[in-house]
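Notes follow once the structure below has been shown.
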Amino acid sequence: MKYNFDEVVDRRNTGSLKWDIAENELAMWVADMDFKTAPEITEALINRANHGIFGYSTVPDEWYDAYIGWWKRRHGFEYKREELIFSTGVIPIISSCVRKLTTAGENVLIMTPVYNIFFNCIKNNGRNVVQFPLVYSDGEYSIDWEELEKSLSNPQTTLMLLCDPHNPIGKIWNRETLARIGELAYDNGVTVISDEIHCDITDPGCEYIPFASASEKCRDNCVVCVAPTKTFNLAGLQTAAAIVPNARLRHKVWRALNTDEVAEPNAFAVAAAVAAFTKGGEWLDELRGYIYENKTLVKDYLTENIPRIKLVDSNATYLLWLDCTELKIRSDELARIIRKQTGLYLSNGVQFGNGENFLRMNIACPRRTVKEGLERLKKAVEQLK
């Protein structure tokens, strides 16, 4: 391999949210990676830093070209320049849209279990969270279409937050599913915000489907949130994009982002995104292979050593959803016990909604870290009464 993903980088004492923990603890929780970003991106940032002046920044043509070119090459779908709006992050986009596209007291639907910050984006803005539980059966998640139609037909429900690929279950929604969601939302006057931040981290040979590409109704009724930050480990640089094909809806989103002052780049945001989407392809392909091997390691280890925990099959993200039903302990308590006994820090499933029997494990780390995490998990389970 050209890039060294086995390198262990000490992130303690660097202001890292993930690693601001006790010395004996092992962080496999929050969704950022323990890999250095692509050196091509680092080089671009160093070049920008060497300029020495960090004034107000604009969004140049290169930024638009980088996004458009990447989606055309990697995902077979072409957005138009005027459809893209810079933002400092996906969550700022979602929160701004919740405020702009709904009114206080209206309902925002989410399919749970789902990224826990979705709850904050809704509740912190005085809107009602409507949890639509995904159906879990035989290790697979699916949608009860009759129930979804009932939920979307409620006139009080005006917005839906979609996660594609879906965090934390790692599922890529297929084209037919996306089109059906889009049709139900469109026909019931519900705007869809599609969070596609994990779209590039898929298993080798697997490809995600952009929501806007699934149908005309999808394209005409969506706000798509994308960024290089999850893919290239750049979350701290605050760089993302809202893509809104419908002109009238786009104007509302543009006004929302500018009103909330989250539509202007810092001095490094553009350079990082351009370098990622123009020079990061080879690095990403190797990363995807490495993460897939980590996933295979976890699956085999659980089968052989911790059979009471089942890995939910997935084909995207570096976040694994662990079915701990057989342990018969609610996951927030289970995560607390594991952390206390072994120092292994995992995310509990309760915070994602509809996840009382699940834990989430982040495997975007060197293989030796994954192995150590699994050994700690085994020790914790063996100590359970």
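Taking 0.36 nm per residue of separation and subtracting the Cα-Cα distance, what length does fully extending Ala247 through Val30 add?
Once the chain is fully extended between Ala247 and Val30, it gains 74.6 nm.
Among Lys18/Lys310; Lys123/Lys230; Lys230/Lys299; Lys123/Lys171; Lys18/Lys252, which pairs are too far apart, with a Cα-Cα distance over 29 Å? Provide the component values of the computation, followed by the final result.
Working: Lys18/Lys310 25 Å; Lys123/Lys230 24 Å; Lys230/Lys299 23 Å; Lys123/Lys171 25 Å; Lys18/Lys252 35 Å.
Flagged as over cut-off: Lys18/Lys252.
If I model a spin label as a point 7 Å beyond the Cα along the Cα-Cβ vector, how far apart are those points for Asp332 and Asn188 in nm?
Spacing of the two 7 Å Cα→Cβ label points: 2.8 nm.
Leaving out ligands, DNA and RNA, and with a 1.4 Å probe, what % of the accessible surface on the chain is carbon or sulfur? Mind dumping the intermediate values first?
On the way: 7680 of 16520 Å².
Solvent-exposed carbon and sulfur of the chain make up 46 percent of the total.
Going from most exposed to least, what order do Glu106, Glu333 have by accessible area with a 1.4 Å probe?
Result, largest first: Glu333, Glu106.
Which residues does the label zone of Thr303 cover in segment 349-366, counting backbone N under 20 Å from a point 7 Å along Cα→Cβ?
The answer is 361, 363.
When the helices in the chain are scored as -39500 (n - 2.57) per DSSP H run of 4 or longer and the sum is shared across all residues, what 222 nm value do you end up with, to the nearest 500 deg cm²/dmol?
Dividing the helical sum by the residues of the chain leaves -12500 deg cm²/dmol.
Of the listed values [x] 20.5, 61; [y] 21.5, 70; [z] 20.5, 70, grab the one calculated as Rg and Dmax of the Cα atoms in Å from the structure here.
Computed from these coordinates, Rg and Dmax of the Cα atoms in Å corresponds to label [x].
Can you give the accessible area of Asp65 in Å² (nearest 10), computed on protein heavy atoms with a 1.4 Å probe?
We get 100 Å² for Asp65.
Going by the alpha-carbon gyration tensor, a ≥ b ≥ c the square roots of its eigenvalues, is segment 99-248 rounded (a/c under 1.5) or, if a/c is not under 1.5, prolate (a/b greater than b/c) versus oblate?
Judged from the Cα gyration tensor, segment 99-248 comes out rounded (a/c under 1.5).
Enumerate the aspartates and glutamates that Lys72 could reach by cross-link, defined here as Cα to Cα under 17 Å, with residues fewer than 8 away along the same chain left out.
Of all the aspartates and glutamates, those that pass the test against Lys72 - Cα under 17 Å, at least 8 places apart if same chain - are Asp61, Glu62, Glu82, Glu83, Glu196, Asp200, Glu207, Glu282, Asp285.
Between segment 3-79 and segment 212-254, what is the C-alpha centre distance in whole Å?
Value for the Cα centre distance between the two parts: 19 Å.
The values are calculated or read from the model by the stated rules, or taken from the named source; none is laboratory data. Predicted, not measured: the structure shown is a model, and the values here were computed from it. Every residue, glycine as well, gets a Cβ built from its backbone with ideal geometry; the counts of neighbours run over all protein chains shown. Side chains are part of the model used for accessible areas, which takes the heavy atoms of the whole protein and leaves out ligands, DNA and RNA. Shrake-Rupley method; radii C 1.70, N 1.55, O 1.52, S 1.80 Å.
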